[in-house]
Each structure stands twice: as structure tokens, then as C-alpha cells.
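The numbers here are math on the coordinates, done by the rules we state, and not lab data. This one's a predicted model, so the numbers in the text were calculated from it and none came from an experiment. Positions of Cβ are backbone-derived with ideal geometry, glycine not excepted, and every protein chain shown enters the neighbour counts.
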Amino acid sequence: MSDRPTDILVTGFTKSPALMTKSLTPFLELRQKGVVRDIHYVTWDSPELDSYIAPLAQFPDVRLARMAQPRVSGTSNQKGLVYQVRGLEAALNQVVDDDVVVLKTRPDFVMDVDFLRDKIENFESYCTVPSREAVGVLMPKPIFDHKIWLPWADCNQPFFWEDGTFMGLKRDVEHLVTPLSDEDMKIAGNPACGFYPHVVRYARIFCKRYPIFQNYIRHYDLLISDLEYRNGLVGKGLTDHFFWHLVIANAWILYSQFHIDCGTQGELMFYPNNANKEADWSDLSTLRVTPPYDQIDVWRIGTKPGRAMDAAFRIFARLVDDAWQTALFTEDMPDMEPQVLRAIMHNVAHSANGRLKTMETAYYRKLTAYRDGFVRQTPAGVAAN
């Protein structure tokens, strides 16, 4: 059982006072029982948010901090990216000690109290970082001291992982305060790159030690999340050696640095504003739960842990637990020879020496041709993710 204090960091807002109450209730219960130390609600000082924040007056145990809203221009996606990064930074500033476990979440994210208590009390066992050695290959030094818990992560679209809620040591979570570049803002402004804020938050942490991902994020406009587009994209990737290097590298980072668990159906429920644009916010029964939280069992069954390829064959390949990536590095895979996996891991670990350059160039050239052909045939299909 972990003896570290745990603080809750809530950022953002919801249009529903009832949803805010439902979201905060498990934290308040765990605070009363001594499982949680402090609950911080951090948001901007914009007057437009006053009515949404007002219900916090009935929760004296929640520490409200309102910060100056960043001045940002650009598309909604560019603004959202900056707000997410600066919001996390402001929230982490409420916690003094680096050795504290912090849960970053949102007021439209509802967590089962027993699920959360288990994650907090058993943090050490769930989030211990394994050995750097994988299938006989010494991998790059870990970034985090302990794993960070995430509800889900995609296995064939590297770094497309949940970023609405996560939990880890403060000193580890601080890595997610992304140092945004002009290139990041340009990519985020591309209508075809709607999920880039998810990706860059994690990718920037690992690109230096895993150079295989540097061109991946530069070419993120080739990974449009249109259903028809991804159907062809995944089909092309599965027969490409470089694609499998990306998939395996992504899997290793998940296995060694993250604990993935979405619980059972109903233990985690997410009602984001963008999935409920037409909802009646006064009536919780009208709100839609966003994937994968609406069908956890379906996503889990589709993963088929113990086989390397089945999970990656899916058009959208979300993992909702640790089973697939754990099996990949600890069991024999009937559809991936050990020597093949070992060779891929060796290439990933030593990609900085340029050994994958020819393969990488051919892969992105192929994706560019596919994207350009798709745009010419169905221009309306290339919309924001």
C-alpha cells in the first residue's frame, strides 16, 4: 500500500452543476477517509466561467484557484492545446512536494470511488517501472521514476492516448507540461490534425530517446482520423516494416512507463463538451459518454492479448488495459517470431544511428501518396479529426 499523499487536480469546466457534483463526490469521500489529502480546482479567471464555477461554493473542502487566462490566437485546436498545457502547469503549481501522487482530471469525468481508491492505495504495485531489458535488448533509460496511470491508449497510432485524466508522481507528471514549439502550433492548426494535442503531450517526452518518432509527429497530417481513410491507412501499415517499428516502440513505452486500465463498464465515465453539443445539461440522462468508456468490454475483447497483430489490425486500436503490451514483452507470440521482435527492438533502441532512414523515408513517401490520392477522390472526407 502506498504511503505517499495523494492530491486531486481538477481543471476545466462543465456546463452541468449536477455533473460537477457527481465528478467531485468520490474525491470528497476519499478525502474524508484520509485516502486523498487535498482537492484543487484550477481554472481561468474569465468572467464567462463564473456561472460554471459557482456550484463550488457548496464544497468548502475543494480549494479553488483561478488563474489569468492565457492570451492565445489561432484555431480552436491551437487555443485548446495551449490552455491544456498551461492549465496543467497551473494545477501542478498548487502542489509543493515532488513526491506526491497527483491525479489530474476534469469536472466532466466521473470515477467510481472504489476503482480510484484501489489505484491510489496500490500505486506502488501498479506503477513500478520494470527492467530496461526487453527480449535481450537494453532499451533507453526510462523518463519516469514510476509509471503514469492512463485509462486508455491507442496501439497503432503512437501517443494517441487519453489526456483528460491521468495519475502519477508530480515530478513525473510535470513532463506532460509540454514545451510547445512553433512547429507544434502549426501542426495543431491543420484541420486534419484534430488529435494532435493528445499526441504531442506524450510524444515530446520520448522523442529524444526514441528518435524514430521525430518524423512521426512532423508528418501527423498523414494520420487523418476519418474512418474510410484509416481503413486504408492501417491496411498499408500492416505490411510495412517501419510501421511495425513504430507500433512496437509505442508498445514498449506503454509497457515500461504507463499503467493502462479503464476498469469495467461504468467505473469511468467521460462526458466531454464536444460530445454533447446538443445535450440538455440540466438533465444528466441526456449526456453521451464518449468512446471507449461507452463499450469497455468491446474494446477489451477486440485486443486479443497473446497475439501481436490482432490488436494493431483494428482501424481504431485502443487498449483499455495492460494485457496486450505485457504479453508482447513477456510471452511467446504465435504471430511474431522472437527473433523478429528482438530485431525490431534493437533497431528502435539504436535508431539514432540512422539505420532506419531508408525504411522510414519510404514509409512516409507511401503515406503521402495515399493521403494525396484520398484527398483528390474525396476532398470532403478530410475534415478535422
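Extension gain for V375 to L64 (0.36 nm times residue separation, less C-alpha to C-alpha distance): 107.3 nm.
Here the chain has an Rg and Dmax of 20.8, 61 Å, counting Cα atoms alone.
When both segment 16-30 and segment 106-167 are represented by their alpha-carbon centers, they are found 23 Å apart.
Between S46 and Q69, the built amide H atoms are under 5 Å apart, and every one of these is 5 or more places off in sequence or on another chain.
Taking every DSSP helix (H) stretch of at least 4 residues in the chain, weighting each as -39,500 (n - 2.57) and dividing the sum by the residue count yields a mean residue ellipticity at 222 nm of -12000 deg cm²/dmol. Straight-line cross-link partners of K186 among the aspartates and glutamates, defined as a Cα under 13 Å from its Cα and at least 8 positions apart when in the same chain: D221. Evaluating 6.51 cos²θ - 1.76 cosθ + 1.60 at θ = phi - 60° for every residue in segment 103-116, the Karplus couplings come out as 9, 9, 8, 9, x, 10, 10, 10, 10, 5, 5, 6, 4, 5 Hz, glycine and proline recorded as x.
Here the simple spin-label model places points 7 Å from the Cα toward Cβ, and for M336 and N231 these points are separated by 2.6 nm.
Of all aspartates and glutamates in the structure, the ones whose alpha carbon falls short of 17 Å from that of K79, not counting any fewer than 8 places away in one chain, are D45, E48, E89, D163, D182, E183, D184. Taking every DSSP bridge with both residues inside the chain, close to 45 percent are antiparallel.
For the chain, the relative contact order is 19 percent, taking Cα pairs closer than 8 Å that sit 6 or more residues apart in sequence and dividing their mean separation by the residue count. Computed over all pairs of different Cα atoms, the Kirkwood value for the hydrodynamic radius of segment 38-106 is 13.4 Å.
Label zone of A362 (point 7 Å out along Cα→Cβ, amide N under 19 Å): in segment 203-247 this covers 212-213, 215-216, 233-247. Straight-distance candidates among the lysines for linking to K22, with alpha-carbon spacing under 22 Å and chain neighbours fewer than 8 residues away dropped: K33, K104, K119, K277. As a size descriptor, the averaged projected area of the C-alpha convex hull of segment 231-271 was calculated at 4.7 nm². Amide H contacts of G194: N385, each under 5 Å away and 5 or more positions distant or on a separate chain (H built 1.01 Å from N in the peptide plane; Pro and chain starts excluded). Mean separation of Cα pairs under 8 Å and 6 or more residues apart, divided by the residue count, gives segment 165-230 a relative contact order of 31 percent.
Mean separation of Cα pairs under 8 Å and 6 or more residues apart, divided by the residue count, gives segment 1-139 a relative contact order of 40 percent.
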